[in-house]
Amino acid sequence: MWLDDTQPTPVLSPDDIETGELPGELGEPTISMPRVPTGATPTAALPRTVPPPQRPGYVPPRPPPCPPPPGGGIFAPPLGEGMGRGARILIRAGFAIVATVVLFFFLSVGVAVVGYFAIASRLPSPGELEAHQTTFVSSKIYDHEGKLLYEVTDPQGGRRTYVRLDEISRDLINATVATEDRDFWLHPGFDPIAILRAVYYNLSEGRVVSGGSTITQQLARNVLLTPEERVQETAWRKIKEVVLAAELTRIYPKGDILEIYLNELYYGNLAYGIQAAADTYFGVDAADLTLAQASFLAGLPQSPATYDPFGGGHDLALSRQEDVLALMVEAGYIIHTEAALAAAEMRDYEFEAPQLDGTAAPHFVAYVRQTLEATYGPEALYRNEQGESLRIYTTLDSDLQRLAETAVREGVAALADSNATNGALVALDPATGHILAMVGSADFQDEEIDGQVNVALRCRQPGSSIKPLTYVAAFERGWTPATLMWDLRTEFPDGANPPYVPVNYDGEYHGPMLLRDALANSYNVPAVAALQFVGVDGLLEMSSRLGVGSLLHPELHCPEYPYDQPPAYGLALTLGGGEVKLLEMAGAFATFANGGVRVEPISILRIEDSRGNVLVDNSVPTGEQVISPQHAYLITSILSDAEARCRAFHCPSVLELSRPAAAKTGTTDDFRDAWTIGYTPDLVTGVWVGNSDNSPMVNLPGAAGAGPLWHDFMETAHAGLPVHDFVCPPGIVEYEICADSGARPTEYCPHRKMEVFTKDQPPLDEEHDWYQMVKVDTPTGLLANEFCPDRVVEQLMVVITDKQGREWAQAHPECFGGLPLSPLEYCTESTDRPQVFITHPAPGSTVYGIVPVVGTVQLPDFEHYEAQYGIGGNPQGWGWISGPHLAQVRGGLLAEWDTSHLAPGLYTLRITAFDHEQGRVEARVQVSVGAPAETPTLVQSPTPTPGLTSTPTFVPTIEPTVVPTVVPTVEPASTATGTPASEPSPMPTETPVPGPTETPTEEAMPTLEPSPTP
């Protein structure tokens, strides 16, 4: 049956599907076909106990014309047929889960909606946005006594000029949106995707280039939240921001929100809002900003003090502008070519700083403002509601600040002839870290020296002033003030670089010295040796502990550093090869003065709100023990030792005060930087002198450049203060040492002194002293042991084991009073020992006439040997036989001894061999020279020949001539050539026998008589 159009549309039951035509004019089908009912629903076959409810106008479904054919067909079988009980349970469970999820979703949405409106009802009304816009109030900066240093205010009454959105450059609008909130025109006030994108950008760049909060969220936070809520880092504050941002978007047009935002931003240098910023930095209206100018300004609000082009942040600001341009390209506002042109335009732009009012301690005040911005954000100083200004009490001592400014100004002026034009000074309280004075340049207003740039915060090479950091690291590894150092020309391996050969400031080398003298006199070779011992990483680690972060990561701390990675340092690092800040170095030396406790240098004493509530209190800062008190004291002991530094700095010097003081200087190559950093127990002061353009000075080292400034300021700063000495901590002991070797002295050490040590690092014991009694094997010159026990002599010698040290000692014997240098090697079983012995004539034999001397002379490093004889068993003088013989002999003829002219008696024959060092080895044998035998004459007649009287007359005439006649000038010959005559004539002049006046040198030598046989 067909229904009329006037009948109500039937409602399908769960059991049926209405198959009638849809109501309304739908047109005729292309091919007329009879309507075929679809049949029952999947639940039609289920049993029912109660019929479906009837209501007016209900039309029951038409029953199917016939049951579905068995075995299939186009009709689906009723639910349940052919299906097990488990399947039906799963289907029901699935329906239940889906229903639960849907129910939970709608409940969550309901709770979120209710929570949203509940939170919104407790927040400031978004309609009050305009009423909550910033009204200028003053934040005041005071010194530590409450004297006003600077007042942050609106001195011209127009530094913040409100402008409409249509009066702002479209490039500035696009740059701000691309940087702060790319989807500002699309999202409902908050953007989760933007948060994820900001995290990605910041992680990929390694620094903050984009924020996570939308423009609307920032505006809500800065205008509608209280100052206390703005600095909270909590999820609750973020939720309130999101709700407020959504409500602002619901109430205000996007253009109005952006307009208020751009008029609220702080751009630095007292420029609030984009109009004041455009005028301050470029002298134009906001509507006339170019792409280059707009992209530059859009990057400033992130940290106005950091990116201040007038206060040392010019390079960082340009880098920030490039980030903004890149974001604009990515957002599609500009193309790469436009970005490149804009960046180039700004690199060529010369900024002219606005004229600031006369400010006391201008560099210090700027540093305080920068510190506040970096720690608490720009709003902490510049945004206050309802007249609630901030009162910032600083650590500055105004009296010391005036003294410091005078010292720098007058000190630099006195160095004009040396081409020094600028200087900086930082003074700290070592116990608290409070910055008592800070002078960043010789004249803040002098543009020729970039006077507004605070050099105390710029990275410069420290020269030798960094050496104490190297030596304290060496102390931690076992060295002491008495460690022996060698200041000699040394080629140090330096990684992949060629050998590094450091030289001293005076161009000379000074030989052996102890560590105390090496550091006090600032000699370079020992310092490089110390760094080689510690390692470059060891010095960097110590620098980190002492707060010198610029040395480790100049890419993070030094705006002028051109790379994004730290440099690969070499051994020159200990001579000032890196770059550091004067403030950091003063803080490191304060750690030495404070017994190894490092306190971060701070400039803010406390911060109060307008009602006097203390928001920040640094009155009693906490420190950290980064080095031991004992090692800190050792450094102080050396740096305060005026006598120890006399060798290089002369005495007295500018480093000496009228009270105990420790100081260290530094000078860089070409005299580009001159440093002096020193301290008393009460005050630490660091001084730098140089030129802002890094041009060299003329022969101006640290002691002559920065030293006088440091001395004058320290003397005036301590005037009227009680004198305090450096306190020796527990664990420091004194020992007597040998001043030459640094070890405990033996009884033979000629120079002694007292030295300080840590209790667990005493000096080396006596066996390391130079002056020792040494047993030496005389034939070999080696140290005696079981392999050479026979010919040993014990004597006082100088024991130096360092190779370069031994070379120096051999070249400077006068430094040791003529004492010989001890050998270092011992005899071994395979030692090539000298062989000098006589095999003929045999000991005790009687000889006469020409006596062949047979034996062996074998000597390492042989030079020559000589043959001599003497009267008696212990001759007091020696007569020459032959020599020098230049060839060694083994079992052969050594010489021929003519005894024919000698009186009968006991004689000693000696063979002496010499090496090239004039060491000698000898062999002796005692023989008797007999009278010539009587030879009978052939009888020609019964009358005897009267020639037999020669023997009786020979003895008495020869005997007197043996001892007294000395003829040392007789020409030596290799062998004797004389022959006995039948009638010997004992003429004295033919007998080359030394007289008794010859010095018995062999007996004076510390040698033993060798056996005639090996």
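Details
- Selection count, the stretch 815-827, where residues are open to solvent by less than 70 Å² (accessible area, probe 1.4 Å) and within 15 Å of VAL776 (Cβ to Cβ): 6
- Some residue of the stretch 823-835 being under 22 Å from THR483 (Cα atoms) and either of a type outside the set (Lys, Arg) or part of a helix (DSSP H, G or I) (or both): yes
- Summed over the stretch 708-729, residues that are touching a residue at least 24 places away in the same chain (Cβ under 8 Å), open to solvent by 30 Å² or more (accessible area, probe 1.4 Å) and either in contact with a strand residue (DSSP E or B) (Cβ under 9 Å, 6 or more places away or on another chain) or not aliphatic (A, V, I, L, M) (or both) total 9.
- Taken residue by residue, the stretch 652-659 has no member that is within 27 Å of VAL733 (Cβ to Cβ) and touching a Leu at 6+ places or on another chain (Cβ under 6 Å).
- Total residues in the stretch 391-428, condition assigned to a helix (DSSP H, G or I) and either closer than 29 Å to GLY595 by Cβ or of a type in the set (Gly, Ala, Ser) (or both): 11
- Residue in the stretch 854-875 that is open to solvent by less than 20 Å² (accessible area, probe 1.4 Å), of a type in the set (A, V, I, L, M) and under 60 Å from the mean Cα position of the chain (by Cα) present: yes
- No other residue among THR746, THR758 is surrounded by fewer than 20 Cβ atoms within 10 Å (Cβ to Cβ), more than 18 Å from GLY919 (Cβ to Cβ) and in contact with a Leu (Cβ under 8 Å, 6 or more places away or on another chain) apart from THR758.
- Search result, residues across the stretch 769-797 that are among the polar types (S, T, N, Q) and outside any strand (DSSP E or B): THR778, THR780, ASN785
- Test: residue in the stretch 209-221 that is within 22 Å of ALA374 (Cβ to Cβ), modelled with pLDDT of 85 or more and open to solvent by 20 Å² or more (accessible area, probe 1.4 Å): no
- Scanning the stretch 565-582 for residues that are farther than 30 Å from ILE732 by Cβ and outside any loop (DSSP other than H, G, I, E, B) turns up LEU571, ALA572, LYS581, LEU582.
- When the stretch 673-707 is limited to residues that are open to solvent by 10 Å² or more (accessible area, probe 1.4 Å) and part of a helix (DSSP H, G or I), the one that is nearest to THR421 (Cα to Cα) turns out to be ALA704.
- The set of residues from the stretch 621-649 being under 21 Å from VAL687 (Cα atoms) and assigned to a loop (DSSP other than H, G, I, E, B) comprises SER640, ASP641, ALA642, ARG645.
- Remark: pairs (first residue in the stretch 595-623, under 18 Å from THR375 (Cα atoms); second residue buried (at least 19 other Cβ atoms within 10 Å of the Cβ) and basic (Lys, Arg); Cβ separation under 9 Å; 6+ apart in sequence or on different chains) = ARG606/ARG391; ILE607/ARG391; GLU608/ARG391; ASP609/ARG391.
- Residue pairs whose Cβ atoms lie under 9 Å apart, separated by 6 or more positions or on different chains, with the first residue in the stretch 544-555 and touching a residue at least 24 places away in the same chain (Cβ under 8 Å) and the second among the hydroxyl-bearing types (Ser, Thr, Tyr) and surrounded by fewer than 24 Cβ atoms within 10 Å (Cβ to Cβ), are SER550/TYR561; LEU551/SER544; LEU551/TYR569; PRO554/TYR561; PRO554/TYR563.
- Restricting the stretch 269-306 to residues that are crowded, with 24+ Cβ neighbours inside 10 Å and of a type in the set (Phe, Trp, Tyr), the residue that is nearest to GLU352 (Cα to Cα) is TYR281.
- Test: residue in the stretch 798-810 that is assigned to a strand (DSSP E or B), touching a Ser or Thr at 6+ places or on another chain (Cβ under 9 Å), closer than 30 Å to GLU747 by Cα and aliphatic (A, V, I, L, M): yes
- Checklist (1) within 27 Å of LEU400 (Cβ to Cβ); (2) open to solvent by less than 50 Å² (accessible area, probe 1.4 Å) applied to GLU656, failing item: (2)
- Within the stretch 563-607, considering residues that are over 20 Å from the mean Cα position of the chain (by Cα) and on the phi < 0 side of the Ramachandran plot, the one most open to solvent (accessible area, probe 1.4 Å): ARG606
- Within the stretch 608-628, the set of residues being at pLDDT below 90, of a type in the set (Val, Ile, Thr) and open to solvent by less than 50 Å² (accessible area, probe 1.4 Å) comprises just one member, VAL616.
- Applying the condition of being open to solvent by 20 Å² or more (accessible area, probe 1.4 Å) and farther than 12 Å from VAL836 by Cβ to the stretch 901-918 and asking which residue is nearest to the chain's Cα centre (by Cα) yields GLU917.
- Some residue of the stretch 450-459 being at pLDDT 95 or above, under 26 Å from VAL599 (Cα atoms) and of a type in the set (Lys, Arg): no
- Being within 24 Å of TYR561 (Cβ to Cβ), open to solvent by 20 Å² or more (accessible area, probe 1.4 Å), among the hydrophobic types (A, V, I, L, M, F, W, C) and modelled with pLDDT under 95 is a property that LEU316 has.
- Any chance MET346 is surrounded by 17 or more Cβ atoms within 10 Å (Cβ to Cβ), under 28 Å from ALA178 (Cα atoms) and out of contact with any Phe, Trp or Tyr (no Cβ under 6 Å at 6 or more places or on another chain): no
- Only helices (runs of 4 or more DSSP H) whose full extent lies in the stretch 255-341 are considered here, and the ones with at least 2 residues that are more than 40 Å from the chain's Cα centre (by Cα) and under 22 Å from GLU373 (Cβ atoms) are 273-282.
- Any hit, the stretch 370-393, residues being among the charged types (D, E, K, R), farther than 18 Å from ASN269 by Cβ and at pLDDT 65 or above: yes
The values are calculated or read from the model by the stated rules, or taken from the named source; none is laboratory data. Just so it is clear, the structure is predicted and the values come from calculations on it, not from any experiment. Backbone-built Cβ (ideal geometry, glycine too); neighbour counts: all protein chains shown. Note: accessible area is taken over every heavy atom of the protein model, side chains too, but ligands, DNA and RNA are not part of it. Shrake-Rupley method; radii C 1.70, N 1.55, O 1.52, S 1.80 Å.
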